[in-house]
């Protein structure tokens, strides 16, 4: 089945659509809902006010559309930057498979929406190396990060991603670092000014993330551990093949992978350091995870291992979501 996505053909987009329906087939019995805690940021307020009241069919359509658009966007980015030896739709396929791993990843959440901006952010980071106007680019990167934090507080760790990316890609220049931080601060400056002028300054704390050691709740610790273990094993397989191929990569492509590696590591503690963060916040992590796992699908000469990886991820996702539906209906 995964071999269909190894080829770069326009008709493969249709297969991606059917794959997303198959991965989330439980929607026909238990449609997705809007799961947004208001303390997470402005996106939560928007989703609860304008999306939560829609018909379940529309919410399902919004979810599938967001997943498909994001999968295609990150896939196009990696093909355009020539991050793989040959273009394919494997990154998009992996992204869709991962969205079905947990019940919390199968709802319309702020994390799902903010992934659009996170993918755009990484796209801008790939242009750091050799940028003709780096200060303008860095300010825009910081601006996007600042907006992300206001919209969704758990995305605060993106600041570290941008700082490490700048450290890796470009030689140290204090002016560029200041410009980046100015971009991050700018949305908060305008927000502070607006609240001050409208005499609502006491609401400022609602738009600032709160740091606190946090342990997200899970319905089944055993299945959670198994699922994370499977994802990590697939990730390590992809990293192994990526390391082999990295010796022949051009400098700018190697640096782009290094930035993705930083994002991979920085995003891991995301749900554990933001107050009241839930497991759905870890959805941001699948952006850097998907390309690495896709490397494990593309690189092996024999298709046995990639085939096993595909069916394990697909069936595990089905089991987790349908088991969650079974447990929900038992109450």
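The values are calculated or read from the model by the stated rules, or taken from the named source; none is laboratory data. Here the structure is a predicted model, which is why all the values come from computation and not from measurement. We place every Cβ from the backbone using ideal geometry, glycine too, and count neighbours over all the protein chains shown.
Here are some notes:
- Cross-chain or 6+ apart pairs with Cβ under 7 Å, region 129-144 first and in contact (Cβ under 8 Å) with a residue 12 or more places away in the chain, then surrounded by fewer than 19 Cβ atoms within 10 Å (Cβ to Cβ) and not in a helix (DSSP H, G or I): 134/170; 137/127; 137/131
- Residue 112 being assigned to a helix (DSSP H, G or I) and closer than 16 Å to residue 263 by Cβ: no
- Hits in region 232-270 - residues which are within 15 Å of residue 102 (Cβ to Cβ) and surrounded by fewer than 19 Cβ atoms within 10 Å (Cβ to Cβ): 232
- In the set 27, 46, 58, only one residue is closer than 30 Å to residue 315 by Cβ, surrounded by fewer than 18 Cβ atoms within 10 Å (Cβ to Cβ) and out of contact with any strand residue (DSSP E or B) (no Cβ under 9 Å at 6 or more places or on another chain); that residue is 58.
- Hits in region 179-207 (condition: free of Cβ contacts under 8 Å to residues at least 24 places away in the same chain and either surrounded by 11 or more Cβ atoms within 10 Å (Cβ to Cβ) or within 26 Å of residue 136 (Cα to Cα) (or both)): 189, 190, 192, 193, 194, 195, 196, 200, 201, 204
- Residues that are crowded, with 24+ Cβ neighbours inside 10 Å and assigned to a helix (DSSP H, G or I) were ranked within region 79-97; the one that is farthest from the chain's Cα centre (by Cα) is 90.
- Residue count, region 150-164 (criterion: over 10 Å from residue 42 (Cβ atoms), buried (at least 24 other Cβ atoms within 10 Å of the Cβ) and at pLDDT below 90): 2
- Of all residues in region 47-63, those satisfying the criterion of being free of Cβ contacts under 8 Å to residues at least 12 places away in the same chain, within 16 Å of residue 30 (Cβ to Cβ) and in a helix (DSSP H, G or I) are 58, 61.
- Residue check: residue 41 meets all listed conditions (1) surrounded by 16 or more Cβ atoms within 10 Å (Cβ to Cβ); (2) more than 30 Å from residue 211 (Cβ to Cβ); (3) modelled with pLDDT under 90 but one, namely (2).
- Restricted to region 227-331, the set of helices (runs of 4 or more DSSP H) holding at least 2 residues that are at pLDDT below 85 comprises 251-267, 270-273, 304-330.
- Just one of the listed residues (147, 118) is within 18 Å of residue 75 (Cβ to Cβ), part of a helix (DSSP H, G or I), in contact with a helix residue (DSSP H, G or I) (Cβ under 9 Å, 6 or more places away or on another chain) and at pLDDT 90 or above, and it is 118.
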